[in-house]
1. Binning at 20 Å from 0, report for the chain what percent of all alpha-carbon pair distances ends up in each bin.
2. Can you compute the charge dipole magnitude of the chain about its Cα centre, using +1 on each Lys and Arg Cβ and -1 on each Asp and Glu Cβ, nothing else charged? Give it in debye, rounded to the nearest 20.
3. Mind listing which trypsin sites (Lys or Arg not before Pro) in the range 104-137 are in a DSSP loop and have 16 or fewer other Cβ atoms within 10 Å?
4. Taking a point 7 angstrom from the Cα of Arg80 along the C-beta vector, which residues in the range 7-32 have backbone N less than 11 Å away?
5. Could you please report the charge total around Val24, scoring K, R as +1 and D, E as -1 over all other residues with beta-carbon less than 13 angstrom from its beta-carbon?
6. What whole number of Å gives the distance from the Cα centroid of the range 21-62 to the Cα centroid of the range 192-241?
7. Output the 0 to 90 degree angle, nearest 10, between the alpha-carbon long axis of helix 276-292 and the longest principal axis computed from the alpha carbons of the chain.
8. Over the chain, what is the relative contact order in whole percent, taking alpha-carbon pairs under 8 Å and six or more residues apart?
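What follows draws every value from the coordinates through simple rules; no lab data is involved. All figures in this text were calculated on a predicted structure; none of them were measured in a lab. All Cβ positions, even for glycine, are placed from backbone atoms using ideal geometry, and neighbour counts span all protein chains on display.
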Amino acid sequence: MTVNVGIIGTGVMGADHARLLGGVVSGATVGAVFDVDRERASAAVASISTARVLDDPLALIKDADIDAVLIASSDETHERFVLACLGAGKPVLCEKPLAPTAAACLRLVDAEVALGRRFVSVGFMRRYDDGYLELKRMLDGGLIGGALLLHCVHRNVRAPDGWPSEMLITASAVHEIDISRWLLGEEIVAASCYRPRRSALVAEPTQDPQFLVLETASGVLIDVEVFVNARYGYEVRCELVCEEGAAALDEPATSVLRRQGAESRGVARDWRDRFSGAYRAELQDWVDGIVAGEARGASGWDGYAAIAVAESCVAALESGRRTDVQLEARPPLYG
Ligand code: ISE
């Protein structure tokens, strides 16, 4: 079976997914694309002969030839499109966030629960990164004892001027929120957010960097430095400190340059560069799951929980106070 995928949104991420689904991922092809900018949609599939460019995203979802849908359009459109996919009974991979608010995510969770089966996967690609997978294997295999602390760093080269301060949490640190829940296998119950001195190179009103402290149900503490104007490159670090050892992501660089008395190695420019392998593996697993009749990867519940924690972080950023995370009861559908 070849999974015929429809893609909604062909900006940077959607176009990259189209390239992978059209030529790299096995067992899949791109059947149709939609973008508010028709020319951009055409350009994204210029080399994929199977792909039609459609003018109506809801018609794309309902199209009888489309087996599954990938949503990479703007955040505020996600709820409507995921709901339409559920209505059509089609598997859907939605780029993060599942929806911009926890309330909207919960509506999607409820709609999926009513169908009694998982259709939704959320694009938290770090779950497919070799380094994070190895950390999880070490922890789950009991190699280093129980988890105590998780130190995380998330740096981007540059964010657009005027980026709202909460975007550091909802667009960037949300990945640490998801990966911590996945790695540790438990929920985050409280969040604090500190405001270090603001970088003088960053335009008002963005509070950059920020420092989050998250607490899990069992008492593991997670700290996250998020700095979206670090200038020098894109960097993600993670160190898990346990009772009998510590494990950290290694540098993903593949070579070291020695020249004129100095040693240097490359730094990724952005997340597509750093997580290229993870994106590929995520799409392959999504397609393989569709063939096997199961939804894989981060679930609708994970999408909801990540945004619920992010909302508590934003509340903590605004109030300066430690804020509890209020999660609904997890439906049995999500294990
Ligand atoms: C971006 O939107 C992403 O999703 C990247 O994975 C993340 O690292 C980056 O900080 C975000 O801006």
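1. Pair shares across the bins are 30, 59, 11, 0.
2. 580 debye
3. Counting only loop positions with at most 16 other Cβ atoms within 10 Å, the trypsin sites (Lys or Arg not before Pro) in the range 104-137 are Arg117.
4. Those under the cut-off are none; the list is empty.
5. 0
6. 36 Å
7. Between the helix axis and the principal axis of the chain, the angle is about 50 degrees.
8. 20 percent
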